[in-house]
Structures are given as C-alpha cells and as structure tokens.
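Notes follow once the structure below has been shown.
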Amino acid sequence: MTTRFCPDCGAEYLADVDECADCLVPLVGGTAAADSDGGDEVVYELDDWEPELLEELAQALARNAIPYSWEDNRNLVVRERDSDRVDDLLDEIEYPDELDESEDGDEAPADEVPYERMSDLYVAADRLMHAPDDVAVAGELELAALAVEGGQAPFGVAPEEWARITELAAGLRADLAGGADADVVALDARTLRDVLRRFV
C-alpha cells in the first residue's frame, strides 16, 4: 500500500492522509524507505525547504529509483552510492533557472548515468527473463529502465553500445506496457541481459 511520510518527524501515514497529526505539516513521499543493506548512508539537512519542494524531491527520487527515508527535522537519508545523483537532483530542484541552460546558451547536456544503474538494469533483466509474468519483477525492470533513460553512457561504455542498451530497455518497457506475451518478454529480457553482461 502506498504511504506518505512526515518530513519533520519521519512518521509514516496512509496515502489518503495529507498532514502530520503531530507536526501539522504537509506529508511527502510515495516511495520506499532506504535499503538496510549495511552500506554507508548520507544525510541531507533540508529543514529550510518548503513542503512543495520536499514533495517535488520525493517524486524525483521515485523517478530515479533511489531509495530514501526521512528523519527528524526534514533530514533526508540515502545510500552513499546514490549521493552524487541526489546532489544533482537537489540542485535541479533548488536552482532550476541556473540549470536550464549551459553557459553558452545551449541546452545543458544530459548527466552521465552512474555505473550502478546499468548493473541494476542487468539484474532486473535477468530476473524478468526467468519470471516474465511476475508483476513485481516487471516493476523492477520499469524502474531500472527509467533510471537510465535519457542519460549519457557510463564511463567506459561506447556511445553506440549505450544506444543499443537504452533502445533494448525502451523496447522491453514497451513490451510490458503493451501486454506482450510472456515468451516475447522473456526473449527481449534475455537479449538485454546478454548485451549488458560484458559490462557488469
């Protein structure tokens, strides 16, 4: 069930609740809490952020498949390996006018996709290949594909190879959205996994 969170105290509420009963501030969220995988964490102190910006940040984290949690006083907690991408998201939300265009007036270039995102896509494709009818696994693939969509190739991956990877990921997303047969989904997932194998 979808939940929402209080950015001030971290309390969790059902999706139909709009305000924290204790702090009387608007709720944010709609994504899962940060993974407890034993890795290092980074804390961002956002006590001066308005609720509208916090909600925008929560949506951006969800689009990028970045797990997070809230602590007291609007402290955002993420995995250390996601911190570079979170830094970019914070800048995009807090200073949108400065990032709309590069210094020469052209559109700002797309960010390089972190290598971990490609690894996540490989794992999702491998799982989907073996369980093409599993709705949860399909959701994992959808999030992993969205996390790499529109980004530049990770370091060490040639542009033409990256174009092939993103094309296959987009095709697999289209399979799932269009209700393709399980055999088709499994075959396309295998193709994507095999292309990614040499990089992970």
### Message
As a footprinting exposure proxy, order 120, 18 by other Cβ within 10 Å, with the fewest listed first.
### Response
18, 120
#### Entry: Percent RCO, i.e. relative contact order, over the chain, from Cα pairs under 8 Å lying at least 6 residues apart
17
### 10 Å-binned pair-distance histogram of the stretch 115-197 (Cα, whole percent)
21, 58, 20, 2
## Note on the structure
Ordering 168-175, 135-142 by per-residue average of other C-beta atoms within 10 angstrom, highest first, gives 168-175, 135-142
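So, with +1 on the Cβ of K and R and -1 on the Cβ of D and E, and no other charges, what is the size of the charge dipole of the chain about its Cα centre, to the nearest 20 debye?
Around 1440 debye, computed over the chain.
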### Query
Per-residue HN-Hα couplings for the stretch 141-154, Karplus 6.51 cos²θ - 1.76 cosθ + 1.60 at θ = phi - 60°, whole Hz, x for Gly and Pro?
5, 4, 5, 5, 5, 5, 5, 9, 5, x, x, 6, 4, x
## Note on the structure
A correct fewest-to-most ranking of 48, 82 by other Cβ atoms within 10 Å would be 48, 82
### Task
Compute the long axis of helix 182-197 from its Cα atoms, compare it with the longest principal axis of the Cα atoms of the chain, and write down the angle in degrees, 0 to 90, nearest 10.
80
### Query
Residue farthest toward the positive end of the dipole of the stretch 150-200, with Cβ of Lys/Arg at +1 and Asp/Glu at -1: which of 171, 199, 150?
199
### Summary
A correct Stokes-Einstein calculation for the chain, using the alpha-carbon Kirkwood radius, 10 °C and 1.306 mPa s, returns a whole-number D in µm² s⁻¹ of 87
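Using Cα pairs under 8 angstrom and six or more residues apart, how large is the relative contact order of the stretch 115-197, in percent?
43 percent.
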### Task
Taking 7 Å along the Cα-to-C-beta vector as the label spot, tell me the residue 133-residue 182 distance in nanometres, rounded to one decimal.
0.3
### Difference of contour (0.36 nm per residue) and Cα-Cα distance, residue 167 to residue 11
52.1 nm
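Each reported figure results from applying straightforward, stated rules to the coordinates on display, with no laboratory input. Remember, it's a predicted structure, so these values are computed and weren't measured experimentally. No Cβ is skipped: glycine too gets one built from the backbone with ideal geometry, and neighbour counts run over all protein chains shown.
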